[in-house]
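Asks: Attaching a single structure in structure tokens format; questions to follow.
FYI, it's all coordinate maths here, none of it is from the lab. What you see is a predicted model; the values in this text were computed from it and never measured. In this analysis, Cβ positions are derived from the backbone assuming ideal geometry, glycine residues included, and neighbour counts consider all displayed protein chains.
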Amino acid sequence: MSSNSPKPATSSRTSEPPPQKIAIAGNPNVGKTTVFNRLTNLQKKVANYPGVTVERKSGTLAGSDEVEVVDLPGTYSLSPSSVDERVAHNVLVGRTGGEPHPDVVVCVVDATNLKRNLYLVTQLLDLGLPVVVALNMMDAAEKKGIAIDDDMLAEELGVPVVPIVAKTGTGFDALRAALHDVEAAAHGGSSFRWPLQPAVESAVDELAERLAETVPEWTAAQRRFEALTALGSEPLLESWADAAPAFCATVREKKEALNERGVPYEHAETLGRYEWIGRRVRRVIRQIGEKDEPTLSDRIDVVLTHRIAGPLLFAGLLLLIFQAVFSWAAPAMEFVEGAVGWASAVARAELPDGLVEDLIVEGIIAGVGNVVVFLPQILLLFFFLGLIEDTGYMARTTFITDRLMRSIGLSGRSVVPLLSSYACAVPGIMAARTLDSERDRIITIMVAPLMSCSARLPVYTLFTAAFIPSGSAFGIIGYQGLTLFSLYLLGTVMGLVAAWVLRSVVFTGETSTLAMELPPYRRPQVGRLLQRIWGRVRLFVLRAGKIIFGASVVLWGLASFPRAEPDAARQAQRRAARAQYQATVDSVAAARGRTPEAIAADPVRDAVAAAKARRDQTLTALNAAAASAQVRQSLIGQFSRTIEPVMRPLGFDWKITAGLVSALAAREVIISALATLYSVGGEQEVVLRETLRSDTDADGDRVFTPLVAVSLMVFFVFALQCMGTLAVAKRELNSWFWPTVMWLYMFGLAYLFSLLVYQSGQALGIGV
């Protein structure tokens, strides 16, 4: 072992207690989450770290009820520039909400990229924490002709190194055994000294001494690491501003002094670590195959990351996904519609007439049912996004779109948060925390809600199915699928334009560079994929369900009160319709010598069937008229009619306006709002479509035309109808300023584009 190598720690204790807290660390795309899932048997809890929206995934170590396992955010280093890196750093040094630092850290390392991954390992060793290196993807390394001497690597690092294959579970017995031997995982962190220039080394030592005044309980190794990191990381330095102002002042003095002497302190740590790592890697790695032989991933990337073919294939893939989402989900949607219709019929039959029946059928079942019916489409969208992520193609989208993103002043790293926003803007905004540049992060958050999320999908689907023909272009691409793709494309293009404007006007400066590693293509793990889909669908249902249920009840109340006085003429028409039907039944019965009950129950009697159809049609029309009158004079009707003149230029009457007001909480609520406003029952989605097609105003003109439907869908492309998105943006940015700006500019875009669509269509006579 080299004299510069860390030495295993010694202890006077004969035995160590088992760890109480295990942290899983590692670079992105190294299988860290798979390791976590196997160690916990998927017994995980998800919460947020204090003060940030970064997910805290924790679980219990399988076979033990007392050992907590925490899955840290994926990070390349502990030099905190992004939010994820700051969270991982704070957890490891015990600066997160009073939580103690972990007893042992499992650092998952990609065996095919050892040099890059060992950078994080060396930082963990510097912290003085017990570490177990999980050398993952040994099967992939073997296929690439890479042989690693794990015993020698363990000797060089001074900590256990356990070869594993996370996806198959190979090596996990040895990994669990290493975790319980905390003493073996400990090392002499204080003995680490990476090659540094004397001036930098002196500055770090002085800063570590100053830091001892603030955190005397820290080890010398921890203080040295923090001092070295603060010297090169401005975000970390800022995090010490309140707790240790004297330390911060000293750091800035040292930076100024080093700058005057021309000492490159910013990269001192990186150069020193990689120099040390490079020597060790050369000792432990042996190439047993053709070094330069291209892998399968390399051959695939020749096509998929091609300058021209790559973007075209990516666009084609998105078009295919949207077409599949629209067509493949149809059978499941019909099943859900039937279930909702059955529930409405049962409720009507079992409940007495009155307000309670109206609340349950028209408020709750109609409201919630008209959103649940779109779950099959949302599930399919999550499936495709999960498939793209698991195969490794998601990382390629970053590379493919980097040229485009740089043209608007961002890097390709912003693509992943934006793609995540297609599922939901909330995780998309949270994903922006991985961006190193604060400017890029704010811009990405500001435009993420313009990516059409799954909550917009029910709105798009309802109006597309109702007003867009079901034919196809060239017999291949359906008009409805093409409409859906166009709406998503419109939001994406305007998001890029908005990003360019923000980068050019508000956040000027140099564009950050893209440096990333492309993981190898992998076969998706069905269990992991289904688990991710279930988690996302469950989160959507729980989040949306609470909002929709509450909104449906509130909306029903606003639409039901004050109660309208019964219309005498309408009641007389109901009695007349029922009497006419009964007279027909009596007449047929008298003519055939049968009881009226027998005649009424005979479905083959044309006269009776025709009379029944006339009765039902008349009653349906009268009930609809009564419901419309009730809503019109209700609280929400009065408010919507007040602001209707503002929305009329977009083609929206007071009912559509009422739906938009209701959908401020969440976009999908407009479906339940329209169902409540139109008193739709039965097979909800089908009936609602027909009701919208046939609705007329006082002059007998159709309220919903194809042009109005398109105008409304365009409005939803841009409008920020989601309080959850605003709340998360506020938490991420720690201010209401940018979320307020976000809502205002998106509403402005929604109004402007809907106005242009509707007024242009009116002038040209299109879709009216």
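Asks: If you take the beta carbon distance between residue 664 and residue 312 as r and set R0 to 56 Å, what does 1/(1 + (r/R0)^6) give as a FRET efficiency, to the nearest 0.05?
Replies: With a Förster radius of 56 Å, E is 0.90.
Asks: How fast does region 198-262 diffuse by Stokes-Einstein, in µm²/s, taking the Kirkwood radius from C-alpha pairs at 37 °C and 0.692 mPa s?
Replies: 282
Asks: So, one more: What does the C-alpha gyration tensor say about the overall shape of region 96-186? Classify as rounded when a/c is under 1.5, otherwise prolate if a/b is larger than b/c, or oblate.
Replies: Because a/c hits 1.5 or more and a/b exceeds b/c, region 96-186 counts as prolate.
Asks: Calculate the spin-label point distance for residue 648 paired with residue 406, positioning each point 7 Å from the Cα along the beta-carbon direction, and give it in nanometres.
Replies: 5.3
Asks: Provide the FRET efficiency to the nearest 0.05 for the residue 554-residue 219 pair, computing r from the beta carbons and using R0 = 60 Å.
Replies: Between residue 554 and residue 219 the formula returns 0.60.
Asks: Describe numerically, in nm with one decimal, the distance between label points set 7 Å from Cα along Cα→Cβ at residue 202 and at residue 143.
Replies: 5.3
Asks: Moving on to the next point. Roughly how many nanometres apart are two label points built 7 Å out from the Cα toward the Cβ at residue 617 and residue 541?
Replies: Result: 4.1 nm between the two label points.
Asks: At a 10 Å Cβ-Cβ cut-off, how would you order 276, 342, fewest neighbours first?
Replies: Sorted ascending by nearby Cβ count, the order is 342, 276.
Asks: Only counting other Cβ atoms within 10 Å, I'd like 225, 384 sorted with the fewest neighbours first.
Replies: In order of increasing Cβ crowding within 10 Å: 384, 225.
Asks: Using the 10 angstrom Cβ neighbour count as an exposure proxy, how do 406, 95, 273 rank, fewest first?
Replies: Listed from fewest to most nearby Cβ atoms, that is 406, 95, 273.
Asks: Starting from the Cα-Cα distance between residue 470 and residue 324, subtract it from 0.36 nm times their residue separation and give me the gain in nm to one decimal.
Replies: 51.1 nm
Asks: Taking H placed 1.01 Å from N in the peptide plane, check which residues at least 5 places from residue 128 or on another chain put their amide H under 5 Å from its amide H.
Replies: none
Asks: My understanding is that a pair violates if its Cα-Cα distance is over 27 Å; which of 32/144; 167/730; 115/144; 57/730; 143/167; 115/167 do that in this structure?
Replies: 167/730
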